[in-house]
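Asks: Got a structure for you, written out below as structure tokens; questions coming shortly.
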Amino acid sequence: MLRTSPPAIAFVGSSDSGKTTLITKLIAIYSRQGLQIGAIKHHRHEFDIDREGKDSWRLARAGAASTVITSPTQTALIRKTARQLAPEEIIAAYGDDLDLVLVEGFKESRLPKIEVHRLARRPDLICRGSRNDPDLIAVASDRQWELDVPVFSLDDSKKLAAFILDFCRRR
């Protein structure tokens with residue numbers, strides 16, 4: 001997929017609906033195909049990936065606005081921000097070498113969305129019903145729905161993976 005900016009798909013759904021599990025399965029499928037996949041996870045609350053007492057934690061506590069930790073096999077950037085960054089901003093800044101970015105959350109974004117649904121967690125859909133999200137492109141659920149978008153079984157990640165690649169190629 002030769003592009004200046006990789007396509008991104010947001011996975012939205014209730015807590016514990018299986019978003020991370022599904023995204024993990026899709027990443028494994030795409031990685032076996034040789035694609036470079038990025039992942040962005042939305043977190044509603046403040047978080048800290050540094051551990052107290054570690055050098056990176058000490059640098060941040062001293063006032064560093066940005067700290068990079070790097071090794072021969074991975075690099076991590078910890079940057080203070082005045083606001084939550086939109087997935088599009090993150091992708092523009094860090095995603096130039098990726099083929100596809102899978103985003104967990106950001107249901108208010110304008111990204112194409114796949115709703116992950118489990119009947120035991122929620123009887124209705126977030127993106128259809130009282131709110132009709134025009135960016136919804138598919139649903140992955142443990143129940144069948146009559147919708148204006150394709151519906152995939154939560155257990156059929158291979159079909160969903162193929163659908164996503166086809167969708168991205170058509171855009």
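Any read-out appearing in this document is the output of simple, stated calculations on the displayed coordinates, not a laboratory observation. Only a predicted model underlies this, so the values are computations on that prediction, with no experimental measurement involved. Glycine gets a Cβ as well: all are built from the backbone with ideal geometry, and neighbour counts include every protein chain shown.
Asks: For Lys158, which lysines qualify as cross-link partners when the Cα separation must be under 19 Å and same-chain residues fewer than eight apart are set aside?
Replies: By straight Cα distance, Lys158 reaches Lys19, Lys25, Lys113.
Asks: With loop defined by DSSP as not H, G, I, E or B, and exposure as at most 15 other Cβ atoms within 10 Å, which is the longest segment of the chain clear of exposed GluC sites (Glu not before Pro)? Each step should come with its number before you reach the end.
Replies: On the way: sites that count: Glu46, Glu52, Glu108, Glu146.
Here the longest run is 53-107.
Asks: So what is the relative contact order of segment 90-160, in percent, for Cα pairs below 8 Å that sit 6 or more residues apart? Kindly include the intermediate steps, with their values, before the conclusion.
Replies: Values: 68 pairs, mean separation 16.9, N = 71.
It comes to 24 percent, rounded to a whole number.
Asks: Right, here's the next one. For segment 98-167, what class follows from the C-alpha gyration tensor (a ≥ b ≥ c being the square roots of its eigenvalues): rounded when a/c is under 1.5, otherwise prolate if a/b is larger than b/c, else oblate? Intermediate values should be presented prior to the final figure.
Replies: Working: a/c = 1.67, a/b = 1.19, b/c = 1.40.
Note, shape of segment 98-167 comes out oblate.
Asks: Indicate the gyration tensor shape class of segment 62-115 (rounded, prolate or oblate), computed on the Cα atoms with a ≥ b ≥ c the square roots of the eigenvalues: a/c under 1.5 is rounded; otherwise a/b larger than b/c is prolate and the rest oblate.
Replies: Values: a/c = 2.75, a/b = 1.48, b/c = 1.85.
Oblate is the answer for segment 62-115, as a/c is 1.5 or above yet b/c matches or exceeds a/b.
Asks: Same structure, new question: How would Thr20, Thr81, Thr73, Thr67 line up from fewest to most surrounding beta-carbon atoms within 10 angstrom? Walk me through the intermediate numbers first.
Replies: On the way: Thr20 14, Thr81 9, Thr73 5, Thr67 18.
Lowest to highest Cβ neighbour count: Thr73, Thr81, Thr20, Thr67.
Asks: With N set to the number of residues, divide the alpha-carbon radius of gyration of the chain by 2.2 N^0.38 Å and report two decimals.
Replies: Values: Rg = 17.7 Å, N = 171, 2.2 N^0.38 = 15.5 Å.
Taking the Cα Rg and dividing by 2.2 N^0.38 Å, one obtains 1.14.
Asks: Under a point-charge model restricted to the Cβ atoms of Lys and Arg (+1) and Asp and Glu (-1), what is the dipole moment magnitude of segment 1-133 relative to its Cα centre, in debye to the nearest 20?
Replies: Working: 21 positive and 16 negative charges, 69 e Å.
Magnitude of the dipole: close to 340 debye.
Asks: Run the numbers on the chain and let me know its relative contact order in percent, using alpha-carbon pairs under 8 Å that are six or more apart. Numbers along the way, then the final one.
Replies: On the way: 232 pairs, mean separation 56.0, N = 171.
Relative contact order for the chain comes out at 33 percent.
Asks: As a check on your grasp of the helix formula, calculate [θ] at 222 nm for the chain: sum -39500 (n - 2.57) over DSSP H runs of n ≥ 4, divide by the residue count, round to the nearest 500. Write out the running numbers ahead of the final one.
Replies: Working: 4 runs with 43 residues, N = 171.
It lands at -7500 deg cm²/dmol.
Asks: Any idea which of Ala60, Leu98, Ala10 is furthest toward the positive side of the dipole for segment 1-146, if Lys and Arg beta-carbons carry +1 and Asp and Glu beta-carbons -1?
Replies: Working it through, the farthest residue towards the positive pole turns out to be Ala60.
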